[in-house]
Amino acid sequence: MKNSNIYIFTALLSALFFSCNNANTKTSVVKSDDIIEQKIDSIIALMTVDEKIGQTVLYSSIEDITGPVLDKNYTTYLKNGQMGAIFNATGSAFTRKLQKIAVEETRLGIPLIFGYDVIHGYKTIFPIPMGEASSWDLELMKKTASIAAKEAAAEGLHWTFAPMVDISRDPRWGRIAEGAGEDTYLGSLIAKARVEGFQGKNLADKHTVLACAKHYAAYGAAQAGRDYHTVDMSLNTLKEVYLPPFKAAIDADVATFMTAFNELNGVPATGNSFLLKDILRDEWKFNGFVVTDYTSINEMVPHGFAEDLKHAGELAMNAGVDMDMQGGVYKNHMKASIEENKIKISRLDEAVRDILRLKFKLGLFEDPYKYCNEADEANIILHKDHLEVSREAARKSIVLLKNENNVLPLDASKKVALIGPLADDQFHIIGNWAAKGDRDGIAVSVKEGFEAQNKAFSYAKGCDIEGGDTANFNEAIKIAKTSDVVVMVMGESERMSGEAASRTDLKLPGLQQQLIAEIKKTGTPIVLVLYNGRPLNLTYENQTVDAIVEAWFPGTDGGHAVTDVLYGDYNPSGKLTVTFPRNVGQVPIHYNMKRTGRPEDLEGAHSRYVSKYIDVENSPLFPFGYGLSYTTFEYGEPQLSSNTLSNNGSITVKTTVTNTGNVAGEEVVQLYIKDRFGSVTRPVKELKGFKKITLEKGASTTVEFTITSEDLKFYNNKLEFANETGDYDLFVAGSSDANFTSSFTYK
Ligand code: GLC
C-alpha cells in the first residue's frame, strides 16, 4: 500500500477509534453496524466526486465475456480509481493482481469486489436451476448454493449474480432454465434457500459470497417468450406472481439486486422508480445495492425512454440504480450530471454508501486479499464431497414422465443399445451458465455411467442434436435390432437455453424425432432420456416411446445419476415445477390459470361454446407437480380439524399416504387450495404447501399441513394484500392435476 494510502487509513481508523471510544465512555455501546456507518462517513468525506463515481462502475475483465459491447480498457480505469467492481475475473492469482492495483496504486486504496455468474455451481456443476427445483428439496438447493459459493470464493470471488428468481410460464423463453419454474409459492421458498446457501450466516466468512436477486422485475413475462421483449401486466399480477420471490430474497437478507433488461408497463426496469424506490426501498426497506444488468442503462436509449446516454444515466441513478454494469454511462457522464445538478451529490453518496457497506461486511477493508488464497483453491475446487452432492442433486432432479409396462428400471441382464447425440456427451450435460464447469473430460457422460456399472451395452450416436444428416441412422438401427432395450439420450444443446435462446418450436431439434421413428420400427422398447432447459413438446415421443426420463442438464456427475435412475439404484422422485404443453400453441399454459366464464367443465355448458381449442385439449401433456416413481403411492381422504376457519384460527389437514408398490420411494406430497370467488377472479388452484417424504414399501405415514387465514391472502380489487371470507376447496396429492376432495369456510 502506498504511503499516502497508509496515512489516510491510519488517520481514518484512529479518528474512528477515537469516536467509538468516546461513544463507549458515554456508556452507549456502538453496534458494529453503526461503526461501519461511521467508517463509511469518514471515507466518503475523503472522496472526490470522481472517486465516488468510480465506486458505481462495474466492468468485465476480457477473460470471459457474457454480453455485447466489450470495453477492453478496464485496467486503465482501475488504476485511475474509476472502478469499484469487476466481473468475469477469476482465480486467486488474477484477482489478487487486480486487487493490488486498486488497494496499492489508487489514492484511497478502496478494495474491489469481484462478481461472477455462479448460477448452478462454480467448477463442480449441479443441475440447471429448473432441474434442481424439480427435486423440491430446499435443503439440497441450499447445500449446492453453499458449495458453489465456497468454490467461487476459493478463486477470489466475492459476489455471484444469482439466484435468478424470475417466475416464468413460457417455455419459449430460454431463461426459464435458470429459474425455479412457474409457481410463486415454490419459487419464493427456493429463492430463500439459494440466498441462504450463497451468503451463509456471515458475509465476512470467506467461504460465502454476496447473492444477487435477479432480474428485477418480471423478466420472465417477456411477450411471446422472446428474450428482452416487452413486459406488460396488471399490478395485481405483478404483485401476486412476479414480485414475491424477490421479497423472499429480501427476507433472506439478499445483499444485492440486479435490474432486468425489459420494460415493465412502459418503463424500463433500469429506470423504474416504482420498482426501485417505491417498492424496493420504501416498502421492502432493502439496504443493499442495486446493479444493472449488462449495459441495461445504455439500452434505455433504444427502448425509447432516454434521449441519450447521459439522460439514461440520470434516469437510472435517480430511479435508484447504484452500479452500472459494463455500460460506462456512470463513468463517462455522471460528473456532468452532478455539475448540472441533474443528479444530486447526496444521491451519489447514497449509492457509494450502499456499495462500501457490503465491502465492509465482506471484511475487505480489514483484508482485501482474504479471498485470494491459491492454497485454498486446490483443497476446495472439485472436492470429492462436492462431486457426491452433484450426483445426489442430479438424481433428485430427474423426473420420470412415462414408464409403460415398467420398462424401467432396466434389468442388468438385458442388452442395451445406447443411442443419441447426448449419450456420450460431456459438453452440453452441464448446461448453460455453467461458470468454470469443465466441458472436456471431468463431466461424466451417460456412456461413462454405463461403463462404470459394467453394463452390457452397445453405442451409436445416430444423429446430431441439430442438422439433417441421416448417415449414422443405420448404425443405430442395427444395434437396436440386436438389443433387448434402447436407451436414447437426446434433447437440446446447452446453447438452446439461457440468455438470447428463445425458441418458437418446442420439439426435439434436428432429426432426433426421425431417428426415434426409425428405432421404433425395430420393435425394441425405447427409453428416452432428455437433456433440455425448457418444457418440450413431447406429444410425439409420448405416443412413441415406452419411457421418458427428464434429466434437464444434470451437471458434472449427470452420467452417473442418470445411470443410477435407469438401473433403479435411485428411485426417481422429481416433480415438474413447470407445465409441459401438448404443443407451443397452448403457451402460456400453467396449472394456476383462471377459470373464465365459460370453463369446459361448467355444468350444462354447451360443448361448443366453452373456452377451448378445436384442435387440442386444454390440459397439458405433463402438469405442474407431476412425476412418476418406480413405486406407487396411495392418498387417503384428507381429514380436516374443522370445516370452518376463523381469522386468527387454523385448520390442520391430515392425509395418510401409503407406499403401495414394491420398492421404497420418495414422494412430494402437495397441498392445493381453491378460492371459489373473490373481489378479483382467483386461480383454479394454488399450491399452498408440500412435504417430501420417504416411505419403505408397504409403509404409511400421515402428512400434516396447517392452513391459516394468512395463506388465503391475495391482492384484491383495491390492490390490498388481504383475505376474503367465503368457501374454499382443497386437495392433497402427488401432482396438481388431482380433484378437490374437501372444503372449508373462512368466516
Ligand atoms: C447477462 C445476464 C445476467 C448476467 C449478467 C452478467 O446479460 O442477463 O443474468 O448476470 O449479464 O454476466
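The values are calculated or read from the model by the stated rules, or taken from the named source; none is laboratory data. Predicted model only: the values in this text are computed from it and were never measured. So basically every Cβ, Gly included, is an ideal-geometry build from the backbone, and we count neighbours across all protein chains shown. SASA here: full protein model, heavy atoms, side chains in, ligands and nucleic acids out. Shrake-Rupley method; radii C 1.70, N 1.55, O 1.52, S 1.80 Å.
Mind checking which of Ala561, Trp433, Gln38 is farthest towards the positive end of the chain's charge dipole, using Cβ charges of +1 (Lys, Arg) and -1 (Asp, Glu) about the Cα centre?
Gln38
Tell me the net charge near Ala351. Cut-off is 9 Å between Cβ atoms, Ala351 excluded, with +1 for each Lys or Arg and -1 for each Asp or Glu.
Residues close to Ala351 contribute a combined charge of -1.
Given the C-alpha centroids of the stretch 220-243 and the stretch 422-445, what is the distance between them in whole angstrom?
So the two Cα centres are separated by 32 Å.
By how many nm would the segment from Ser42 to Ala517 grow when fully extended, if each residue of separation counts as 0.36 nm and the alpha-carbon distance is taken off?
The Ser42-Ala517 span can extend by a further 163.8 nm.
Based on Cβ point charges of +1 for Lys and Arg and -1 for Asp and Glu, what charge dipole magnitude is obtained for the stretch 631-746 about its Cα centre, in debye rounded to the nearest 20?
The calculation lands at about 120 debye.
Run the numbers for Val301 and Val680: contour at 0.36 nm per residue of separation, minus the present Cα-Cα distance, in nm.
Contour length minus Cα-Cα distance gives 132.8 nm.
Taking a spot 7 Å from the Cα of Thr708 along the direction of its beta carbon, which residues of the stretch 637-656 have an amide N less than 15 Å from it?
The answer is 645-653.
Compute the label zone of Ile442 within the stretch 108-152: residues whose backbone N is under 15 Å from the point 7 Å along Cα-to-Cβ.
118-127, 147-152
Given axes a ≥ b ≥ c from the Cα gyration tensor, I'd like to know whether the stretch 226-302 is rounded (a/c under 1.5), prolate (a/b larger than b/c) or oblate.
oblate
For the stretch 392-566, how big is Rg over Rh, using alpha carbon atoms and the Kirkwood form of Rh?
Reported Rg/Rh (Cα atoms, Kirkwood Rh): 0.93.
What order do Lys97, Lys674, Lys520 take when sorted by accessible area (1.4 Å probe), most exposed first?
Order by accessible area, largest first: Lys97, Lys520, Lys674.
Could you list, in their original order, any pairs among Lys247/Lys342; Lys214/Lys359; Lys31/Lys359; Lys239/Lys594; Lys654/Lys691 whose Cα atoms are separated by more than 24 Å?
Violating the 24 Å Cα-Cα cut-off are Lys247/Lys342.
How much length is gained on full extension from Asn236 to Glu696, taking 0.36 nm per residue of separation minus their Cα-Cα distance?
161.2 nm
Excluding ligands and nucleic acids, what accessible area in Å² is computed for Met233 using a 1.4 Å probe, to the nearest 10?
30 Å²
What distance in nm separates the simple spin-label points at Asp205 and Ser642, each placed 7 Å from Cα in the Cβ direction?
In this crude spin-label approximation the distance works out to 4.1 nm.
Order Arg357, Arg395 by their accessible area, 1.4 angstrom probe, all chains in place, largest first.
Heavy-atom accessible area, descending, gives Arg395, Arg357.
Using only alpha carbon pairs under 8 Å that are at least six residues apart, calculate the relative contact order of the chain and give it in whole percent.
With pairs under 8 Å counted, the relative contact order is 13 percent.
Just to confirm my numbers, what's the Cα centroid distance between the stretch 361-398 and the stretch 699-747 in Å?
40 Å
Using a 1.4 Å probe on the protein heavy atoms only, what accessible surface does Glu350 show? Give it in Å² to the nearest 10.
Per-residue accessible area (Glu350): approximately 100 Å².
Under 8 Å for C-alpha pairs, at least 6 residues apart: give me the relative contact order for the stretch 210-258, rounded to a whole percent.
63 percent.
Using only protein heavy atoms and a 1.4 Å probe, report how much of Asp438 is accessible, in Å² to the nearest 10.
Asp438 exposes around 40 Å² with every protein chain in place.
Between Ala336 and Glu283, what FRET efficiency comes out of the Förster formula 1/(1 + (r/R0)^6) with R0 = 35 Å and r the beta carbon distance, rounded to 0.05?
0.60
With a 1.4 Å probe and all protein chains in place, put Ser445, Ser32 in order of accessible area, largest first.
The ordering from most to least exposed comes out as Ser32, Ser445.
Can you find, among Ala149, Gly179, Asn341, the residue sitting farthest towards the positive end of the charge dipole of the chain, where Lys and Arg contribute +1 and Asp and Glu -1 at Cβ?
Positive-most Cα among the choices belongs to Asn341.
Between beta-carbons, use under 10 Å as the cut-off and find the net charge around Gln512, counting Lys and Arg +1, Asp and Glu -1.
That works out to -3.
Helix 384-397 against the longest principal axis of the chain: what's the angle in degrees, Cα atoms only, rounded to the nearest 10?
Computed tilt is about 50 degrees.
Label Glu139 and Lys79 with points 7 Å out from Cα along Cα→Cβ: what is the distance between them in nm?
5.4 nm
Taking the Cβ of Asp227 as the center, what net charge do the other residues with Cβ under 9 Å away carry, scoring Lys and Arg +1 and Asp and Glu -1?
+1
By DSSP, what percent of the beta bridges with both residues in the chain are antiparallel, rounded to the nearest 5?
55 percent
If you find the alpha carbon centre of the stretch 133-152 and of the stretch 63-115, how far apart are they in angstrom?
Their Cα centres are 29 Å away from one another.
Is the chain rounded, prolate or oblate when judged by the Cα gyration tensor, a ≥ b ≥ c being the square roots of its eigenvalues, rounded requiring a/c under 1.5 and prolate requiring a/b larger than b/c?
prolate
Report, to the nearest 10°, how far helix 32-46 tilts away from the longest principal axis of the Cα atoms in the chain, using its own Cα long axis and a range of 0 to 90°.
Rounded to the nearest ten degrees, it is 50.
Once a ≥ b ≥ c are taken as the square roots of the eigenvalues of the Cα gyration tensor of the stretch 618-670, is the result rounded (a/c under 1.5), prolate (a/b larger than b/c) or oblate (a/b not larger than b/c)?
The shape class here is oblate.
Assuming R0 = 35 Å, what is the FRET efficiency of Ser458 and Thr660, from their Cβ-Cβ distance, to the nearest 0.05?
0.45
Suppose every Lys and Arg Cβ carries +1 and every Asp and Glu Cβ carries -1, with no other charges. What dipole size does the chain come out with about its Cα centre, to the nearest 20 debye?
580 debye
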